[in-house]
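Step one of this worksheet: look at the structure below.
Read-outs throughout are calculated quantities, based only on the coordinates presented, and are distinct from any laboratory measurement. Here the structure is a predicted model, which is why all the values come from computation and not from measurement. All Cβ positions, glycine included, derive from the backbone under ideal geometry; neighbour counts span all protein chains shown.
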Amino acid sequence: MPASRVLPTQEAAELLALVRELATRELATRAPAAEADGVFPREMFRLLGRAGVLGLPYPQEHGGGGQPYEVYLQVLEEIGYAWATVGVGTSVHALACFPLVTRGTPQQQDRWLPDLLGGELLGAYCLSEPHAGSDVAAMTTRARRDGDEYVVTGAKAWTTHGGEADFYTVLARTGDARADITCLLVPGDAEGLSADPPERKMGLTGSTTATMRFDDVRVPVERRIGEEGEGLRIALAALDAGRLGIAAVATGVAQAALDTAVAYAKEREAFGRRIIEHQGLAFLLADMAAAVDSARAAFLHAARLKDAGLPYSRAASVAKLVATDNAMRVTTDAVQALGGYGYTKDFPVERWMRETKVMQIFEGTNQIQRMVIGRHLDKGDPGTITHVTRETS
């Protein structure tokens with residue numbers, strides 16, 4: 001099971017225990033067959049929604065859980081431990097809600113947030129395009145103003161939940177300048193909106209990923225989030241939060257791989273001893289444990305900055321980089337620790353290795369994370385340090 005937690009409140013501890021039980025009973029038992037067959041786990045998202053998990057970090061007055069990110073990310077880790085597809089999907093749903101929560105008008109929030117955070121509706125985030133992935137400002141999807149509506153044309157690639165979601169948070173170009181990008185909330189049943197056949201992926205096969213096509217999709221102006229031209233700023237802020245979600249899910253998968261490798265090493269014998277007693281494997285497992293602990297510390301540090309209202313963009317990129325690189329290494333080492341069995345589908349470690357690979361790619365590749373960190377360093381940002389001043393008598 002995932003490591004013991006230090007949580008800020010008893011309520012948070014009880015919440016985490018509830019999620020762990022739910023994930024163990026409902027998610028972990030279904031994951032192997034669903035991933036083998038490529039079945040999208042829609043009912044699992046409804047289950048988590050009804051349990052109040054899909055809107056955990058958002059305000060209670062709009063149907064959210066009102067939990068700090070420090071708690072929310074540990075919940076995501078528990079879900080990722082049980083089933084990565086559902087962990088990633090939960091994080092993507094929160095990402096899709098982020099612009100409305102942070103930049104929506106009170107009227108927009110009152111109208112749409114209860115349904116979006118209540119769990120019955122599932123969201124998707126449309127940012128990347130076939131020729132504009134990491135270079136967000138190079139997007140070509142357009143939203144042309146026509147009276148009280150925008151007419152959206154173009155395509156959005158790599159959309160998690162594409163074709164399955166009930167609403168899409170869409171970033172589209174509304175002017176000719178690179179930064180003239182606007183955020184729109186598009187219903188999943190909008191006329192002219194369609195999904196290509198899902199991508200055939202090496203991992204996360206239960207998570208539907210598809211290109212979304214916008215063929216003169218009409219979106220009322222009242223569904224614009226923020227002002228025209230604010231979309232890029234909204235998108236980048238959302239990605240900072242989304243990167244923390246992926247870091248937490250990756251850490252959950254890595255913890256599962258570590259636990260499986262340790263359990264195997266305690267039972268398997270070679271040369272008259274359990275293989276965990278052989279220094280070569282014991283050192284490998286120790287490095288895996290250090291990597292998991294380091295990843296968890298990184299995302300919790302960033303979460304605490306966010307919860308304190310402090311700048312956390314650099315910390316989010318560090319957490320995403322460290323957690324996903326470490327998860328890739330830990331799951332690969334878990335395959336090695338199990339030997340030939342690790343390479344078979346009789347054990348889940350080969351699936352976890354395939355699943356963590358994409359986590360180094362989405363929400364900004366890890367090369368992009370290094371660029372973000374480097375730019376912060378160039379600006380003289382060594383990382384946020386908080387000082388506690390104590391009065392002395």
Take ASP115, project a point 7 Å from its Cα along the Cβ direction, then tell me which residues of region 168-191 have their backbone nitrogen under 12 Å from it. 168, 186-190
Mind pulling the angle between the C-alpha long axis of helix 279-307 and the longest principal axis of the chain? Nearest 10 degrees, somewhere in 0 to 90. 30 degrees
Are there chymotrypsin sites (Phe, Trp or Tyr not before Pro) in region 234-334 that DSSP marks as loop and that have at most 12 other Cβ atoms within 10 Å, and which are they? PHE271
Along its three principal axes, how long is region 272-324 when you only count alpha carbons? Whole Å, largest extent first please. 56, 16, 10
Region 157-201 - convex hull of alpha carbons, volume per residue in Å³: 100 Å³
Among GLY175, GLY272, THR85 the positive-end extreme of the charge dipole of the chain (Cβ point charges): GLY272
Calculate, in nm to one decimal, what ALA308 and ALA263 gain on full extension: separation in residues at 0.36 nm each, minus their alpha carbon distance. 12.4 nm
What's the longest piece of the chain with no exposed GluC sites (Glu not before Pro), counting a site as exposed if DSSP puts it in a loop and it has at most 10 other beta carbons within 10 Å? 192-390
Using a 10 Å cut-off around each Cβ, can you sort LYS306, LYS320 from fewest to most neighbouring Cβ atoms? LYS306, LYS320
Straight-line reach from LYS306: which aspartates and glutamates have a Cα under 12 Å away, not including same-chain ones fewer than 8 places off? GLU70, ASP240
List the residues of region 164-206 whose backbone N lies under 17 Å from a point placed 7 Å from the Cα of ILE361 along the Cα-to-Cβ direction. 197-206
Viscosity 0.692 mPa s, temperature 37 °C: give me the Stokes-Einstein translational D for the chain in µm²/s, with Rh taken as the Kirkwood radius over C-alpha pairs. 152 µm²/s
Could you quote the convex hull projected area for region 233-378, Cα atoms only and averaged over all directions, in nm²? 9.4 nm²
Hey, got the dipole for region 10-118? About the Cα centre, +1 on K and R Cβ, -1 on D and E Cβ, debye to the nearest 20? 260 debye
The chain: angle of helix 106-118 to the longest principal axis, Cα-based, in degrees nearest 10: 30 degrees
What nm value, rounded to one decimal, do you get for the distance between ALA286 and TYR341 when each label is placed 7 Å out toward the C-beta? 2.4 nm
How far is helix 69-82 tilted, in degrees, relative to the longest principal axis of the Cα atoms in the chain, given as a value from 0 to 90 rounded to the nearest 10? 60 degrees
Relative to the compact globular guide of 2.2 N^0.38 Å, what is the alpha carbon radius of gyration of region 10-118, as a ratio? 1.07
